1. Would you kindly state how much longer the chain becomes between E54 and E28 on full extension, computed as 0.36 nm times their sequence separation minus their alpha carbon distance, in nm to one decimal?
2. Please list H48, H76, H58 in order of solvent-accessible area, largest first, computed with a 1.4 Å probe with all protein chains present.
3. Ignoring ligands, DNA and RNA, how do R20, R177 rank by accessible area with a 1.4 Å probe, largest first?
4. Pairs of lysines 8 or more apart, or on different chains, with alpha carbons under 30 Å: count those in the range 118-211, would you?
5. Over the Cα atoms of the range 126-211, what Rg and Dmax result, in angstrom?
6. What residues of the range 133-148 lie in the reach of a label at N77, counting those whose backbone N is under 19 Å from a point 7 Å from the Cα along Cα→Cβ?
Amino acid sequence: MARNKHPEKTIKQILSISYRLFLEKGYEQTTIQDIINELGMSKGAIYHHFKSKEEILHAISDKGNYSNTIELYKNHNHLNALQKLKKIICNEFDNLEKKQFNKSAISLTENPKFVSTLLNGTMKYGVPIFQNLIEEGRKDGSISVEDSKSASEVILLLNNVWLSPMIGQVSEEDLERRILYLKKLTELMGIPFMDEEVVNAINSYLKSIFK
């Protein structure tokens, strides 16, 4: 078999097509054969990179949630760090595709490996983005927290786990209470990014997941 000279491009194609199919059909209803048909690749070409449909989902969850965040961070240099942070948070929670993807993945949240992938993706990709922003905010005076790395870890872990309806059985009322508590906590930390617009975006996202 000829060697693939561009494995990164092939992986990107597999993840892109799989992501679209998961959104259109739902994760459970999408088969490996559906993905193969859409890609026009052999089964061996896909299994060379991913051993299962679940592994494809893990890869999407690991990296995909932060690609838009990175682009937004690069393209808003006219804002101070706190303003950038607010824009990024609102964009993440207003993202329709993210809402659909997370809703379709709820059935997998009891899988420890899937949850572990979400947490690893948060620590590996999300924390450095937030840490850089917080450091920038310390320099421009919009953020006053001292330990930027710990603050980034706490905020993202609380946001992606404690505040997520995907992890555990949590009522809508409990999530609203947690949003308000996180708002107070981030203000005390010196990162007051949860203004009315951000809170509304988070509430809208959570309600869409509950439907």
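1. 8.4 nm
2. The residues order as H48, H76, H58, largest area first.
3. Heavy-atom accessible area, descending, gives R177, R20.
4. So the count works out to 14.
5. When restricted to Cα atoms, the range 126-211 yields Rg and Dmax of 13.5, 42 Å.
6. So the set is 133-141.
The values are calculated or read from the model by the stated rules, or taken from the named source; none is laboratory data. In this text the structure is predicted, and so the values were computed from the model without any measurement. Positions of Cβ are generated from backbone atoms using ideal geometry, with glycine treated the same way; all protein chains shown enter the neighbour counts. Surface areas here come from the heavy atoms of the whole protein model, side chains and all, with no ligands, DNA or RNA. Shrake-Rupley method; radii C 1.70, N 1.55, O 1.52, S 1.80 Å.
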